[in-house]
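Engineer: Could you have a look at this structure, given as structure tokens, before my questions?
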Amino acid sequence: MAAARARRAGASLLSAAVRHRSSQSSSPQAGLVAKTSLTSPPWPEVKLPDPVEEAKYHAEVVQKVNGLISAGHYGRLFAVVHFASKQWKITSEDLIMMDNVLEAECGDRIRMEKVLLVGADDFTLVGRPLLGKDLVRVEATVIEKTESWPKVNMRFWRRHNFQRKKIITNPQTVLRINTIEIYPCLS
């Protein structure tokens with residue numbers, strides 16, 4: 001029994017010496033974390049631009065685009081509009097065929113007010129989410145109201161004498177984009 005106590009006492013002295021040694025570490029980088037893939041992101045650090053310089057650059061770009069729009073030197077415009085639950089990229093004199101009924105009659109002019117984006121050769125104006133009604137005007141004319149080609153929906157169970165045939169036609173409306181106009185009132 002005395003031998004067992006002596007072994008335990010020797011072990012406790014050894015563990016106390018190890019604890020004392022580890023608490024007095026002589027390495028200079030004891031408190032720093034090693035640089036690994038987990039301590040720092042793999043991408044380079046992003047430096048944000050100076051807000052004053054960014055505001056100055058923004059004012060220059062807005063002035064340049066307003067000058068192009070007021071002089072009319074922007075070429076052919078295109079627009080992305082949200083109409084009939086879809087987004088359409090359009091230019092002037094385009095034809096759009098929609099698969100739904102529109103309340104307007106043939107020959108009526110309509111204005112598309114949900115304009116998401118307008119662009120030209122040198123600039124693009126993107127709405128967040130929409131461009132203002134005072135900035136862009138897109139007009140279209142209803143050309144035709146028809147039905148689609150018939151689609152056959154056939155159900156058939158073999159060896160059961162079961163056949164069902166359904167012919168489906170959907171209403172369609174054809175629009176012609178008349179004009180895409182833009183006004184120089186950017187801020």
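The values are calculated or read from the model by the stated rules, or taken from the named source; none is laboratory data. Predicted model, so just to flag it, every value in this text is computed and none were measured. All Cβ positions, glycine included, derive from the backbone under ideal geometry; neighbour counts span all protein chains shown. For accessibility, only protein heavy atoms count, side chains too; no ligands or nucleic acids. Shrake-Rupley method; radii C 1.70, N 1.55, O 1.52, S 1.80 Å.
Engineer: Classify the stretch 48-88 from the C-alpha gyration tensor, please: rounded if a/c falls under 1.5, else prolate or oblate depending on whether a/b exceeds b/c.
Structural biologist: oblate
Engineer: OK, next. Using the basic label-point model (7 angstrom from Cα toward the beta carbon), what is the I167 to D108 distance in nanometres?
Structural biologist: Spacing of the two 7 Å Cα→Cβ label points: 3.0 nm.
Engineer: Only four residue types carry charge here, +1 at the Cβ of Lys and Arg and -1 at the Cβ of Asp and Glu. Report the dipole size of the stretch 124-187 about the Cα centre in Debye, rounded to the nearest 20.
Structural biologist: 920 debye
Engineer: For the stretch 47-150, what % of the accessible area comes from carbon and sulfur atoms, probe 1.4 Å?
Structural biologist: It is 53 percent, rounded to a whole number.
Engineer: A follow-up question, please. Can you give the net charge of the other residues whose Cβ lies under 10 Å from the Cβ of H73, counting K and R as +1 and D and E as -1?
Structural biologist: Residues near H73 contribute -2 overall.
Engineer: Further, regarding this structure: Can you give me the Cα centroid spacing of the stretch 113-187 and the stretch 25-103 in angstrom?
Structural biologist: 26 Å
Engineer: Please get the size of the charge dipole for the stretch 41-127, origin at its Cα centre, with Cβ charges of +1 on Lys and Arg and -1 on Asp and Glu, quoted in debye to the nearest 20.
Structural biologist: Using Cβ point charges on Lys, Arg, Asp and Glu, the stretch 41-127 gives about 20 debye.
Engineer: Using the charge dipole of the stretch 52-104 (Lys, Arg: +1 at Cβ; Asp, Glu: -1 at Cβ; taken about the Cα centre), state which of A79, V65, I96 has its Cα farthest towards the positive end.
Structural biologist: V65
Engineer: Please report, in debye to the nearest 20, how large the charge dipole of the stretch 29-187 is about its Cα centre when each Lys and Arg carries +1 at its beta carbon and each Asp and Glu carries -1 there.
Structural biologist: 1400 debye
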